[in-house]
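Below you'll find the structure, written out as structure tokens, and then a few comments.
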Amino acid sequence: MNTLKCSRICITKCFCSSGAILTQHVKVVAQVPLSQPKWFNGFADTTIKRYINNSTGSDDPKLQIDHSPHFRETRPKTKKTNETTTTPETEGLSTIETALSEDAAEGRGMFEGGYRLPHPIWNEEELESVKITHQPPVTVVDKIAYYSVQTIRRGFDLFSGYTLGMYTGRLDEKQWLKRIIFLETIAGVPGMVGAMVRHLVSLRKLKRDHGWIHTLLEEAENERMHLMTALRVANPGIIMKACIMTAQGIFVSAFSLAYLISPRFCHRFVGYLEEEAVKTYTHCLKAIDNGELKMWKLMKAPEIAIEYWKLPPDAMMREVILVIRADEAHHRTVNHTLSSIKPDDQNPYPPGQ
């Protein structure tokens, strides 16, 4: 028998021969040292116990092995800045009145105690200065992207009743909401797909991304926040949800394949798609100003929109459409720019811009 001793455990190896067979059994036996160094005392007080069976599978007691805590657990606890505190003014109010609402928390940025990615905050002058613009297609890729968007838009407008509604002037709030909700479920796809593809390319080819990924992720989340805002006004039915699921499955597959083949085409496609989005929201603003959407003219902005875009507390639905249109105009410029530069060029847009 050979015995190996250490400060915490004792491993005993027993060799038993039966005929020509030599078997080895390893037993782990707990051994408590008579004395411990001073540095070990503090370590033993904060250890985490876990049990490990010995390798023989016998009825021997289980051994407790000590492990040091995670380094974060040893740091002093600091009070979070976003915790609700009680003051003489708020003492006696309910927690619902003093705590941040769910919608407001959903719209908070990552530097404000929330988790939203940075995005532009528009002032009143910028909101009112957004114009309908068009970048003429020059190359073959540009023309394919442009006419693809035009074909998809005309087909969708006809199928959804938007063409007839614009002609007769009978588009109400419900029809506008259906259109906005459906379009924003599609608009949030390109940024996420582009970021995912570029991320995988960076890993696969062992090279830098040059800052494109964060801009594409910010675009995807920004479009999704448009959707979350619209859902605070109306919730689609089961038929529309089925249409959204079908359209998303088709578009995600097609756009992913297209981005693998030609990122330039995809960004030009999104640029032209955002041109059409600016047209749509401009028409919506005109309908509000002309009194065609009376409910929205008097409707207060959802709380999630007020927090996300830093709108005034008394902001109305018109201001929400204004900031969404400004976001679409921004995505229009960004994607046309990304399509005009090489995939390995530096992204000219810092985070949140």
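What follows draws every value from the coordinates through simple rules; no lab data is involved. Computed from a prediction, not measured in an experiment: that's the story for all the values here. For neighbour counting, all protein chains shown are included, and Cβ atoms are generated from backbone atoms with ideal geometry for every residue, glycine included.
Based only on Cα atoms, what Rg/Rh ratio does the range 246-353 have, Rh being taken as Kirkwood's radius?
With Rg and the Kirkwood Rh in hand, the quotient comes to 1.07.
Measure up Lys241/Lys294; Lys143/Lys174; Lys131/Lys178; Lys143/Lys310; Lys131/Lys297 against 31 Å on the Cα-Cα distance and list the ones that go over.
Over 31 Å Cα-Cα: Lys143/Lys174; Lys143/Lys310.
Taking N as the number of residues in the range 124-340, what value does Rg over Cα atoms divided by 2.2 N^0.38 Å take?
In units of the 2.2 N^0.38 Å rule of thumb, it is 1.03.
Determine the distance separating the Cα centre of the range 337-353 from the Cα centre of the range 201-218; give it in Å without decimals.
11
Using r as the Cβ-Cβ distance of Asn123 and His283, and R0 as 22 Å, what FRET efficiency do you calculate, to the nearest 0.05?
It comes out at approximately 0.40.
Under the rule a/c < 1.5 gives rounded, and otherwise a/b versus b/c splits prolate from oblate, where does the range 121-223 land using the Cα gyration tensor?
prolate
Loop-only check: which GluC sites (Glu not before Pro) in the range 287-337 are DSSP coil with at most 15 other Cβ within 10 angstrom?
none
Would you please give the residues with an amide H less than 5 Å from that of Met316, counting only those at least 5 places away or on a separate chain, with H modeled from the backbone geometry?
Ala301
Using the Karplus curve 6.51 cos²θ - 1.76 cosθ + 1.60 with θ = phi - 60°, work out ³J(HN,Hα) for each residue of the range 319-328 in order, rounded to whole Hz, and write x for Gly and Pro.
The phi angles translate into 5, 5, 5, 4, 6, 5, 4, 5, 4, 5 Hz.
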